[in-house]
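Q: My questions will all concern the structure given below.
The values are calculated or read from the model by the stated rules, or taken from the named source; none is laboratory data. The shown structure was predicted, so the numbers you read here are calculated from the model rather than taken from an experiment. For neighbour counting, all protein chains shown are included, and Cβ atoms are generated from backbone atoms with ideal geometry for every residue, glycine included. For accessibility, only protein heavy atoms count, side chains too; no ligands or nucleic acids. Shrake-Rupley method; radii C 1.70, N 1.55, O 1.52, S 1.80 Å.
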Amino acid sequence: MAAYQAAVRPDGTGTGAAVIEFTNVSGQPCLLSGHPSVAGAGNGSPEHNSPLSVTPSGAESPVRVAPGGKAWVKLTFVQVQGEADGYCESGSHPVVYPTLVVGLPGAGSHQVALDDGQFAECDNKVTVTAVSAAKPS
């Protein structure tokens, strides 16, 4: 599993949007479907994870992933504004997670780090696309 900043993301200084890439590392095809669950990782302790409120986007349809093949989801966060520590337009405090725990129905939950920084968000909310065979921008 890999995570990187999405090319298309909301204005602001936080993460804004990230693409999560799933790779089938087994020797058999697998079937992925649905919208992921997302939580801020709790410093290596699952009972301390902070689940984010997920808003699903897009229709679900099963994606067959061949051995070595890939599938993707896109996470769009409520964007952090400003410089340095930043601020949230809602008045809440920005939250930064070094890693997220992303789960897909039938595929388990996996911890993932952003390839070039940390996940920053406001309001503990995320909009998620359904798993797709097409790489999102």
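Q: Mind checking which aspartates and glutamates have their Cα closer than 13 Å to the Cα of Lys135? Skip sequence neighbours fewer than 8 apart in that chain.
A: Correct list for Lys135: Glu21.
Q: Also: Arranged from highest to lowest average of other beta-carbon atoms within 10 Å per residue, in what order do the peptides 88-97, 120-129 appear?
A: Going by the mean number of other Cβ atoms within 10 Å, highest first, we get 120-129, 88-97.
Q: Another question, then. Rounded to the nearest 20 Debye, what is the dipole magnitude of the chain about its Cα centre when Lys and Arg each give +1 and Asp and Glu each give -1 at the C-beta?
A: The dipole of the chain has a size of about 580 debye.
Q: Can you spot the aspartates and glutamates whose alpha carbon is less than 15 Å from Lys125's alpha carbon? Ignore those fewer than 8 places along the same chain.
A: Excluding near neighbours in sequence, the set is Glu89.
Q: May I ask which residue of Cys122, Pro105, Gln79 lies farthest towards the positive end of the charge dipole of the chain, with charges of +1 (Lys, Arg) and -1 (Asp, Glu) on Cβ and the Cα centre as origin?
A: Pro105
Q: Keeping all protein chains in place, calculate the accessible area per residue for the chain (probe 1.4 angstrom), answer in Å².
A: 52 Å²
Q: Now for a separate question. How far apart, in nm, are the 7 Å Cα→Cβ label points at Glu60 and Gln111?
A: A separation of 2.7 nm, rounded to one decimal place.
Q: First measure r as the distance between the Cβ atoms of Val8 and Asn43, then evaluate 1/(1 + (r/R0)^6) with R0 = 30 Å and state the FRET efficiency to the nearest 0.05.
A: Step by step, r from the Cβ atoms, then E = 0.45.
Q: Give the carbon-plus-sulfur fraction of the accessible surface of segment 55-123 in %, rounded to a whole number; probe 1.4 Å, heavy atoms of protein chains only.
A: The value for segment 55-123 is 51 percent carbon and sulfur by accessible area.
Q: Over the chain, what is the relative contact order in whole percent, taking alpha-carbon pairs under 8 Å and six or more residues apart?
A: Relative contact order here is 36 percent.
Q: Cysteines without a disulfide-compatible partner in the chain, using Cβ under 4.7 Å as the rule?
A: Within the chain, the cysteines lacking a partner Cβ under 4.7 Å are Cys30.
Q: Sorted by packing (mean other beta-carbon atoms within 10 Å per residue), highest first, where do 60-68, 15-23 land?
A: 15-23, 60-68
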